[in-house]
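Novice: Can you keep this structure in mind? I'll have questions shortly.
Bear in mind these aren't lab numbers, they're just calculated from the coordinates by the rules spelled out. Since the structure is predicted, the reported quantities are computational estimates derived from the model, not experimental observations. Neighbour counts are summed over all protein chains in view; Cβ atoms, including those assigned to glycine, are modelled from backbone coordinates with ideal geometry.
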């Protein structure tokens, strides 16, 4: 986990600094009109659902809006700056605009050199995007706007359900970047998250993480003792689109929802088999498959088969749960949900898993209402609108939808598939409009390990160089811009 008190960032711009917002032109977040919340609720329910947290929704929306507005202010601000570049007093006017709309000043040297030829807009794009990312990270670690102070409470609940760790592999698609803190409403520091294109996680890497988790249980008794009868819960979150299922589903699976679900199921069962084959048939692994509608943030949770597999046809949809329980009181709604889960799960569904599934469904009701209230039922940007690619290991603070496409990796070669998907997405978003692909290369390091900082910085440089080599044509054309970033942690990166 990253510690707010012991965190140190080292940012180094390498090559030409350049970037852009996720889409060309002025792109602003959709804000509800004064009466939008009431209108949206009138379409679905007369009042808030009894199990939703309206206060948290308000706080999370304010945070989402502030961060995205900071990124989205870059393009229109730099357009104004560009229009002034040949006027007297240009540098002073440009800095005044930047301070007013971006909250920081632009690099003086780029502004002062503009008279020679033209203002280097690509370098300014990059500097602004990377500076905004830097400020966004600082805010998370100093103010903790995403925190809900429930890490210990969640861990106790998790263990009471029979699990000692929740490991989630969502698709790397930026429309799932908020799956932990928003969609599932879980404390993000208490959940291990690593994203992969198509949610097709690396079985060998997950096996290594499982071994490390069990070793820590055996050596240190964290999060509980190794002889306690709890299990490691591995979860996959695939995605689909209800608004445009043929085009806006998972790119890695050709927008085929069934293939996405099958891929997630097969990868989960493959991981379970790998653990059992390597560490005996009694190894403590449970699997959970979740589908997510990226237009509405509703989830579907698949039930296990009688033979221990995962039934793709038998699932519970949170939209249906919301509508079914909207007019009950809180006690009735909670009881209906747990009974509904047990009914769908049948006799083979263990009580702890049933309670955990009910917990996730209940949590997601707040997000369903969030999208209904603030976005009229579904997001306007149903497609990709990410602002940058995050490559490496870390990024736990990125918990916002359509902000980042993730490519978790140690080397470029092992993440080639994920990176290629990300580059393809940004080719449509940015390169096709003459804008570069902004990439943040980041590797977190343990602050107590001697030499870890130097190794992390070297790792960043190696990966950055490898990225330029893999995408040499784009790099040579100035269409890939990279920020190297290493982050000090106070403990081993258990959540990663």
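Novice: In degrees from 0 to 90, rounded to the nearest 10, what is the angle of the helix 151-160 Cα long axis to the longest principal axis of the chain?
Specialist: Value to nearest ten degrees: 30.
Novice: Which angle from 0 to 90°, rounded to the nearest 10, does the C-alpha axis of helix 203-220 make with the longest principal axis of the chain?
Specialist: Its long axis makes an angle of about 70 degrees.
Novice: By per-residue mean of other Cβ atoms within 10 Å, what is the highest-first order of 63-70, 325-332? Could the numbers behind the result be given before it?
Specialist: Working: 63-70: 17.9, 325-332: 14.5.
Averaged packing, sorted descending, gives the order 63-70, 325-332.
Novice: Can you compute the helix-only [θ] at 222 nm over the chain? Use -39500 (n - 2.57) per DSSP H run of at least 4 residues, normalise by all residues, nearest 500 deg cm²/dmol.
Specialist: Numbers: 15 runs with 216 residues, N = 496.
Theoretical 222 nm ellipticity from helices: -14000 deg cm²/dmol.
Novice: Run a plain Debye calculation on the range 295-345 (Cα atoms as equal point scatterers, no solvent) and give log10 I(q)/I(0) at q = 0.19 Å⁻¹, rounded to two decimals, same order as the q list.
Specialist: Evaluating at q = 0.19 Å⁻¹ gives log10 I(q)/I(0) of -0.68.
Novice: If we sort 135-142, 431-438 on the protection proxy, mean other Cβ atoms within 10 Å, highest first, what's the order? Working shown, then result.
Specialist: Details: 135-142: 16.5, 431-438: 19.4.
The most tightly packed comes first, giving 431-438, 135-142.
Novice: Give the relative contact order (percent, whole number) for the chain; include only Cα pairs under 8 Å separated by 6+ residues.
Specialist: 23 percent
Novice: A follow-up question, please. Give the Kirkwood hydrodynamic radius (Å, one decimal) of the range 294-422, defined as one over the mean of 1/r across all pairs of different Cα atoms.
Specialist: Hydrodynamic radius (Kirkwood, Cα pairs) of the range 294-422 is 17.2 Å.
Novice: According to a simple spin-label model (label point 7 Å from Cα along Cα-to-Cβ), what is the distance in nm between residue 320 and residue 222?
Specialist: Reported label-point gap for residue 222 and residue 320 is 4.2 nm.
Novice: Would you list the P(r) distribution for the range 36-125, with all Cα-Cα distances sorted into 10 Å bins from 0 and each bin expressed as a whole %?
Specialist: 14, 34, 17, 14, 14, 7, 0
Novice: Rounded to two decimals, what is the ratio between the C-alpha radius of gyration of the chain and 2.2 N^0.38 Å? Walk me through the intermediate numbers first.
Specialist: Values: Rg = 23.0 Å, N = 496, 2.2 N^0.38 = 23.3 Å.
Here the Cα radius of gyration is 0.99 times the empirical estimate.
Novice: Additional query: How far is it, in nm, from the label point at residue 204 to the one at residue 458 when both lie 7 Å from their Cα along the line to the Cβ?
Specialist: 2.2 nm
Novice: Length gain on complete extension for the stretch residue 414 to residue 259, per 0.36 nm per residue less the alpha carbon to alpha carbon distance? Please report the intermediate quantities before stating the final value.
Specialist: On the way: separation 155, 0.36 × 155 = 55.80 nm, distance 2.25 nm.
Stretched out fully, the residue 414 to residue 259 stretch lengthens by 53.5 nm.
Novice: Nearest 10 degrees, 0 to 90: what angle lies between the long axis of helix 330-345 and the longest principal axis of the chain (Cα atoms)?
Specialist: It is inclined by approximately 70 degrees.
Novice: Provide the packing ranking of 409-419, 355-365, 192-202, 263-273, i.e. peptides ordered by the mean count of other C-beta atoms within 10 Å per residue, highest first.
Specialist: Packing proxy ranking, top to bottom: 192-202, 355-365, 263-273, 409-419.
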